[in-house]
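Engineer: Okay, here's the structure, questions in a sec.
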Ligand SMILES: [Fe+2]
Ligand SMILES: [Fe+2]
C-alpha cells in the first residue's frame with residue numbers, strides 16, 4: 001500500500017502550514033483535556049504493535065513538551081506539541097507488523113511502506129477540525145522532514161517545516177536511539193546526545209538542538225528513572241524475554257528515521 005497526498009480529500013488544505021506560532025490566537029489553542037487523553041491512549045495503542053517500541057510515543061510527547069518549554073513557547077503551545085508527540089507515529093497502523101519488527105535491513109519496497117506513515121497519520125487525525133486548526137495534523141505530516149530538506153514526505157526545509165514538527169523530530173530521534181530495536185541495541189544517552197548535536201543544522205533545527213543541550217541532564221534522568229510504568233518495560237530481562245525483543249550485538253546500518 002502506498003498513499004500519497006493525492007489520496008483522500010483535503011489533506012493539503014488541512015495541513016496548510018497551520019503552524020501554531022502564526023495566525024491562530026493563543027486563546028484558541030487550548031486542546032481539551034479529553035483530546036490529550038485520547039491522543040495518549042492512541043499513542044499507547046500504536047506502540048503496542050511492537051514490544052520494542054514500548055513507551056516511544058509517551059517519551060516523544062514528554063520530550064517534545066520539555067523542548068518546547070525550553071525554547072520559550074507558552075504552556076498551551078507546548079501542550080499542542082505534546083499531543084502531536086503522542087500521535088506522531090499514528091500512521092504506522094497502516095504498516096505491516098512484519099516490516100516494523102523486521103530484524104534486518106528493509107527492502108526498498110518496505111521502506112516505501114514505512115515512509116507512508118506521516119501522510120497516513122495526518123489523514124487519520126484530519127477529520128478532527130481542532131487537530132488541523134492547532135497545527136497537530138501538520139506536525140504529524142512533517143515529523144520526518146529534515147532541516148536541510150532531505151527528509152520526507154515533501155522534502156521541505158528550514159522554517160518551512162512546522163516548528164512543532166522540528167521539535168518532534170529531535171524528540172523522536174532521541175527516543176528511537178535510546179530504545180533497543182529488533183535490528184540494533186539501544187544507545188547510551190551520551191552517545192545519542194552527541195549524535196543529535198552532530199546533526200545540528202543538517203537533520204535538526206539548530207534552535208531545537210540548543211534547547212535540547214540546555215535540558216539534556218533532566219532528560220537523561222527521565223529516561224533513567226522517571227518514565228511512566230504502564231505496560232511491560234522491555235528493559236527488564238523478564239519483560240524482554242516475554243516480548244521477544246532481542247538484543248543484537250552491534251548496530252546494523254538500518255536508519256533510525258522511521
Ligand atoms: Fe501526555
Ligand atoms: Fe515516525
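The values are calculated or read from the model by the stated rules, or taken from the named source; none is laboratory data. Computed from a prediction, not measured in an experiment: that's the story for all the values here. Please note: Cβ atoms are built from the backbone with ideal geometry, for glycine as well, and neighbour counts cover all protein chains shown.
Engineer: Being part of a helix (DSSP H, G or I) and within 16 Å of ligand 1 (Cβ to nearest atom) is the filter here, so list the residues in the range 131-169 that pass it.
Structural biologist: 131, 136, 139, 140, 164, 167, 168
Engineer: Next up: Out of everything in the range 112-122 that is assigned to a helix (DSSP H, G or I) and either within 16 Å of ligand 1 (Cβ to nearest atom) or under 16 Å from the mean Cα position of the chain (by Cα) (or both), what residue ends up being surrounded by the most Cβ atoms within 10 Å (Cβ to Cβ)?
Structural biologist: The selected residue is 122.
Engineer: Mind listing whichever residues of the range 100-111 are under 18 Å from the mean Cα position of the chain (by Cα) and not in a loop (DSSP other than H, G, I, E, B)? Reasoning before the result, please.
Structural biologist: Just the residues of the range 100-111 that are under 18 Å from the mean Cα position of the chain (by Cα), to begin with: 100-101, 111.
Passing the criteria: 100, 111.
Engineer: Might you let me know whether the range 68-89 holds any residue that is touching a strand residue (DSSP E or B) at 6+ places or on another chain (Cβ under 8 Å), part of a helix (DSSP H, G or I) and on the phi < 0 side of the Ramachandran plot?
Structural biologist: No, that holds for no residue.
Engineer: Of all residues in the range 185-214, count the ones that are surrounded by fewer than 17 Cβ atoms within 10 Å (Cβ to Cβ), free of Cβ contacts under 8 Å to residues at least 12 places away in the same chain and not in a helix (DSSP H, G or I).
Structural biologist: 1
Engineer: Within the range 123-130, can one find any residue that is crowded, with 19+ Cβ neighbours inside 10 Å and within 16 Å of ligand 1 (Cβ to nearest atom)?
Structural biologist: Yes, the range 123-130 contains at least one residue that is crowded, with 19+ Cβ neighbours inside 10 Å and within 16 Å of ligand 1 (Cβ to nearest atom).
Engineer: Does residue 174 fit the bill of being farther than 19 Å from residue 105 by Cα, crowded, with 18+ Cβ neighbours inside 10 Å, more than 16 Å from ligand 2 (Cβ to nearest atom) and touching a residue at least 12 places away in the same chain (Cβ under 8 Å)?
Structural biologist: Taking the combined requirement at face value, the residue does not satisfy it.
Engineer: From 221, 192, 169, grab the single residue that is in contact with a strand residue (DSSP E or B) (Cβ under 9 Å, 6 or more places away or on another chain), modelled with pLDDT of 60 or more and closer than 20 Å to residue 63 by Cα.
Structural biologist: The match here is 169.
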